[in-house]
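Enquirer: Here you go, one structure.
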Amino acid sequence: MSKNASARRRDPARGMMAASMLFFFVGFLLLAVKDGQWQCFLLSLIVPLIIYAGTAILPRLFPADKLLLSLTNFLCALGVLILYRISPSRGLNQAVNYGVGVGCMVLCTLLVRYVKSWKTLTVLMMGGSMLLLSLPLLIGTEQNGAKNWIWIGSYSLQPSEIVKLALLLCVSYLLSQRKAALSILFGGACLVLLMLQKDLGTALLYYGLCLVMLYAATGSLALVGAGLAGGAGAAAAGYHMFAHVKARLAVWQDPWKYTQGIGLQIVRSFVAIANGGLWGVGLGLGNAGNSTRAGGIPEAHNDFIFPVILHEFGLIFGVIVLLMYLFIVIRAVMIARRSNTAFHALLSVGGAALITIQTFVIIAGNIKLIPLTGVTLPFISYGGTSMVSSLCVIGFLQGVASRNQAGVDEDRALAMQGGDVP
Amino acid sequence: MKKLRKNVLRVAFVLCALFVLLLAYGAYTVSVNGNRWFSSTLNEFAREKRQNVIPGRILDRSGVVLAASDAEGKRVYPEDSALRRATVHAVGSSAFNMKSSAEYFYAAYLYGSRLSFPERLGYAIRGEKYRGDDVRLTIDSALSVYIAGLFPEGKRGAAVVLDYRTGQVLSKLSFPNFDPEDTAAAPAGSSINRATQSLKAPGSTFKIITAAAAMENMADYQNRTFICGGQLQAGSRVITDAGTDLAAGKITQHGALTLQQAFSKSCNNIFAQIALELGDQALRKTAESFGFNDNFLFRDLVVENSSYPVSNRTEGEIAWTGAGQSALAVSPLHMCLAAAAVANDGVMMEPWMILEASTASGGTRAAFSSRVYRRPLTKEQASVLKEYMRTVVTSGTGTAAAISGVKVCGKTGSAEIDGQEETNAWFVGFLDEPDAPYALAVVVEDAGGGGSVSAPIARQIFSWLIRNHP
């Protein structure tokens, strides 16, 4: 197809960007009119602008996957919107997180695009990861049964969110160099440190990520089987070692027994989903996100953001949001399949796995498909570290995509001569 | 690289499968549990919204109004206090959270949550309160009033009547009842629906299930003879039959009986032997096929889950389970379902209580239909059991339920309850008549034997059903 013809074709990413800019303009405007706060008027302009910057301007600086960008930006902006609706101060913070996250995404894109040798970096990251994961054990504070936060001044930081990225990069690199044993050792060490912090949700995430990447790199079902057996052993050990795991399992079996205590969150989430129905009760008209109102879900901004979305926007919208995650994952897999090096392929498929597992673990926990573990919903949950790390993963994917594009350009000459284009 | 690409594709399938799982489970859990979540007492949101709604009416199956609303949205009940009392456990009362009542479980319709957007807009433009949907129940109010008149004065208990072909609940009474117009005078505990929420030992009515287990697991059950020697030592416990008084040296002894005879005489001794012979596993499996230990997630009715104990099973416990005692816990409605399954050729229909929901202007919001819940018996097993239950009424412990010219089948039960002077009198049974496909359960607590107390009540209910549903 000639270049002109492809330019004339309607670009789905552009349409999506325009639609989401309008969506959030109207959304914030509605909230602004309802509450009469000037920050919200400001957000109704700023958030669409960030979307524009993130979706339309970035691809002019380097080749990028526009569909991936527009989907990601929609989800991030949705997080800001729903968080502002729950608590304006959190929403404003999240808008800042979103802006910072986009910046970090660009940095990660450039990192993957321009760094040629990962050897030294990998060694540094491995050392840094061990250090960072040990920090909460030494100076951390305990929250919800897990000791996985550190405070620097008035800023809180969850090291495991950052190490997640390092793990993704290091394991991709090590496996691409056929150093499976070393990558298992590194992943295992991270897991042990996480177990010591009692941060089992993140441990599950790391575990799933390592397993998926190990399989992708080696194709060995025996390794995966051994990994699954080890995971089952660790889960059984965790059940006996940690009281809060037992409690979570009991709540999972029948949350209605514990409505006076630890089961309240999930039961309130059920009720909120039921009230929302197919179409939702309407933005700003629900009670689920507001823990000061009767019937609000406690700590909704963290683990239970998705039920709040279902409550106010309805199940159909919820399915659309899930499909957006799915499209992001499919897009990531396509990038992985088009990449020219094992490192890039593993990095992309790892990113896809990370987003999938994280989304699955938290939403499945929300609807009681699996026991609830406290991981954040990528792009949407409140928190700077979470937002930044999710967007960094997208940054990696963009980096690989732009390298693929470069590869395509180089191969084009080859293809003219009848060569095989990957 | 080629192999890597293939692995990546495989991984992609797994990742996509996780999303599919999430969507599928989400759809499943919302469709099965959504209404339960909505009607939970923790639903503050719906409670707030109710200020702005005039609740819809609750009607019986033929359109008799059981609850309406005044202009302010306050509930108005019928003039006839007997009708109010007889239907209160099906209709419910805003004063109590009665889980299995229409007021509670069909709240989404009654309180306007199913209004469409244009309808809401219309109410908003006219500046009116929302008007909730009307709900028509499967309940027959005349039958309910009749049963309430039969029930022994001052006794606790329950009566359930359902159509075993469809699973429609025609009556669901609990005693003591109360007047929804005067909730302050409601006796303590009267807001509990004993038909669906109160779990008790089923006594000998459970022998329907023990007999079904025998049919399933004993190839030669029809040719076997069992010996009732009066007393049976099982572990640390002794199984005896009704009429036995060890202190006075009186021991009921049935001698040699076939399974059918043991069933119609309701011999504890032989059913305990059968339970021990089958073993706890086999008996539990059959009980579970009848819905024990299941989480009852009926679409349109709330019924407390029945339990067949899985732990602390001593030999004595197992033996007594065969005769329906021990730690078994079941609601009258569930035992009625067991009888209904026998009547309906082994197919247990899901019980339901709502025929339709209609909008204020008379349009249909939602219509409901019957569904199969389980198939605990084969057609052959069901017809043999039906025959057993027929002999109970013709020549066994349930002759007081017999009506000449009508095929009445049933099983009596006299369940011993700790701390009660008398046994709980049970009768579950059905009419084996194609024109009157009704099953019932009658339980009178602390009242005596099922054959003498409940069977006569069952007979009168059956007669009414024959007369009024030709």
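The values are calculated or read from the model by the stated rules, or taken from the named source; none is laboratory data. Predicted, not measured: the structure shown is a model, and the values here were computed from it. Heads up, the Cβs are rebuilt from the backbone with ideal geometry, glycines too, and the neighbour counts pull from every protein chain shown.
Enquirer: If you scan segment B:113-158, which residues turn out to be β-branched (Val, Ile, Thr) and buried (at least 18 other Cβ atoms within 10 Å of the Cβ)?
Expert: B:135, B:138, B:139, B:145, B:147
Enquirer: Something else about it: Within segment A:215-225, is even one residue buried (at least 22 other Cβ atoms within 10 Å of the Cβ) and within 11 Å of another protein chain (Cβ to nearest Cβ)?
Expert: For segment A:215-225, residues buried (at least 22 other Cβ atoms within 10 Å of the Cβ) and within 11 Å of another protein chain (Cβ to nearest Cβ): present.
Enquirer: In this structure, is residue B:101 closer than 23 Å to residue B:142 by Cα and of a type outside the set (Phe, Trp, Tyr)?
Expert: Spelling it out, residue B:101 is indeed closer than 23 Å to residue B:142 by Cα and of a type outside the set (Phe, Trp, Tyr).
Enquirer: Further question on the same structure: Select from segment B:237-265 the residues that are assigned to a loop (DSSP other than H, G, I, E, B) and charged (D, E, K, R) and list them in ascending order.
Expert: If the condition is that a residue be assigned to a loop (DSSP other than H, G, I, E, B) and charged (D, E, K, R), then B:241 is the only one that fits.
Enquirer: Something else about it: Report those strands (runs of 3 or more DSSP E) wholly inside segment B:354-403 carrying at least 1 residues which are touching a Leu at 6+ places or on another chain (Cβ under 8 Å) and surrounded by 14 or more Cβ atoms within 10 Å (Cβ to Cβ).
Expert: B:354-358, B:372-374
Enquirer: Quick one: which helices (runs of 4 or more DSSP H) lie wholly within segment B:266-352 and hold at least 3 residues that are at positive phi?
Expert: Where helices (runs of 4 or more DSSP H) fall fully within segment B:266-352, none carries at least 3 residues being at positive phi.
Enquirer: Only residues that are touching a helix residue (DSSP H, G or I) at 6+ places or on another chain (Cβ under 8 Å) and assigned to a loop (DSSP other than H, G, I, E, B): list them for segment B:404-416, please.
Expert: B:407, B:416
Enquirer: A follow-up question, please. In segment A:336-353, how many residues are among the aliphatic types (A, V, I, L, M) and more than 10 Å from chain B (Cβ to nearest Cβ)?
Expert: The total comes to 1.
Enquirer: Is it the case that residue B:11 is more than 28 Å from the chain's Cα centre (by Cα), within 8 Å of chain A (Cβ to nearest Cβ) and assigned to a helix (DSSP H, G or I)?
Expert: Judged against the criteria, residue B:11 is a match.
Enquirer: Next up: Scan segment B:415-457 for residues that are in contact (Cβ under 8 Å) with a residue 12 or more places away in the chain and among the acidic types (Asp, Glu) and jot them down.
Expert: If the condition is that a residue be in contact (Cβ under 8 Å) with a residue 12 or more places away in the chain and among the acidic types (Asp, Glu), then B:416, B:421, B:422, B:432, B:433, B:435, B:445, B:446 are the ones that fit.
Enquirer: Then there's this: Go through segment B:92-151 and report how many residues are among the basic types (Lys, Arg) and away from chain A (no Cβ under 14 Å).
Expert: 4
Enquirer: Additional query: So which of B:66, B:9, B:22 ends up being touching a helix residue (DSSP H, G or I) at 6+ places or on another chain (Cβ under 8 Å), of a type outside the set (Gly, Ala, Ser) and at pLDDT below 95?
Expert: Within the list B:66, B:9, B:22, the selection yields B:9.
Enquirer: Taking segment A:303-346 on its own, how many of its residues are part of a loop (DSSP other than H, G, I, E, B), surrounded by fewer than 19 Cβ atoms within 10 Å (Cβ to Cβ) and not β-branched (Val, Ile, Thr)?
Expert: Of the residues in segment A:303-346, 1 are part of a loop (DSSP other than H, G, I, E, B), surrounded by fewer than 19 Cβ atoms within 10 Å (Cβ to Cβ) and not β-branched (Val, Ile, Thr).
Enquirer: May I ask you to list the residues in segment A:192-213 that are part of a helix (DSSP H, G or I) and farther than 23 Å from residue A:336 by Cβ?
Expert: Selection gives A:192, A:193, A:194, A:195, A:196, A:200, A:201, A:202, A:203.
Enquirer: Tally the residues that are closer than 17 Å to residue A:90 by Cβ and within 13 Å of another protein chain (Cβ to nearest Cβ), restricting the search to segment A:366-384.
Expert: 1
Enquirer: Filter segment A:164-216 for residues that are under 16 Å from the mean Cα position of the chain (by Cα) and of a type in the set (D, E, K, R) and give the result.
Expert: Selection gives A:164 alone.
Enquirer: Could you list all residues from segment A:248-283 that are surrounded by 16 or more Cβ atoms within 10 Å (Cβ to Cβ), among the small types (Gly, Ala, Ser) and out of contact with any Pro (no Cβ under 8 Å at 6 or more places or on another chain)?
Expert: A:274, A:276, A:277, A:280, listed by residue number.
Enquirer: Enumerate the pairs (first residue in segment B:317-330 and farther than 15 Å from residue B:279 by Cα; second residue anywhere and surrounded by fewer than 23 Cβ atoms within 10 Å (Cβ to Cβ) and of a type in the set (S, T, N, Q)) with beta-carbon separation below 8 Å, excluding pairs fewer than 6 apart on the same chain, so at least 6 apart or on different chains.
Expert: Pairs found: B:327/B:307; B:327/B:312; B:328/B:307; B:329/B:307; B:330/B:307.
Enquirer: Being polar (S, T, N, Q) and in a loop (DSSP other than H, G, I, E, B) narrows it down to one residue among B:31, B:40; which is it?
Expert: B:40
Enquirer: From the list A:216, A:181, A:189, A:222, exactly one residue is within 20 Å of residue A:131 (Cα to Cα) and in a helix (DSSP H, G or I). Which is it?
Expert: Of the residues listed, the single one that is within 20 Å of residue A:131 (Cα to Cα) and in a helix (DSSP H, G or I) is A:189.
Enquirer: Still on this structure, please answer the following. Tell me, which residue of segment B:48-78 that is within 14 Å of another protein chain (Cβ to nearest Cβ) and out of contact with any Phe, Trp or Tyr (no Cβ under 9 Å at 6 or more places or on another chain) is surrounded by the fewest Cβ atoms within 10 Å (Cβ to Cβ)?
Expert: Ranking the qualifying residues of segment B:48-78, first place goes to B:51.
Enquirer: Moving to a separate point now. Can you tell me how many residues within segment B:14-32 are under 30 Å from residue B:102 (Cα atoms) and at the interface with another protein chain (Cβ under 7 Å from one of its Cβ atoms)?
Expert: Count: 4.
Enquirer: May I pose another question? Specify the residue that is farthest from the other protein chains (Cβ to nearest Cβ); the eligible residues are those in segment A:277-322 that are among the β-branched types (Val, Ile, Thr) and within 19 Å of residue B:108 (Cβ to Cβ).
Expert: Looking at residues that are among the β-branched types (Val, Ile, Thr) and within 19 Å of residue B:108 (Cβ to Cβ), I get A:316.
Enquirer: Let me ask another. Considering only residues that are of a type in the set (A, V, I, L, M) and within 11 Å of another protein chain (Cβ to nearest Cβ), which ones fall in segment A:252-276?
Expert: A:264, A:266, A:267, A:271, A:272, A:273, A:274
Enquirer: Within segment B:443-458, count every residue that is touching a helix residue (DSSP H, G or I) at 6+ places or on another chain (Cβ under 8 Å) and either surrounded by fewer than 23 Cβ atoms within 10 Å (Cβ to Cβ) or at pLDDT 95 or above (or both).
Expert: So the count comes out to 8.
Enquirer: Quick one: is residue B:173 of a type in the set (A, V, I, L, M), surrounded by fewer than 19 Cβ atoms within 10 Å (Cβ to Cβ) and either in contact with a helix residue (DSSP H, G or I) (Cβ under 9 Å, 6 or more places away or on another chain) or over 20 Å from residue B:103 (Cα atoms) (or both)?
Expert: Spelling it out, it is not the case that residue B:173 is of a type in the set (A, V, I, L, M), surrounded by fewer than 19 Cβ atoms within 10 Å (Cβ to Cβ) and either in contact with a helix residue (DSSP H, G or I) (Cβ under 9 Å, 6 or more places away or on another chain) or over 20 Å from residue B:103 (Cα atoms) (or both).
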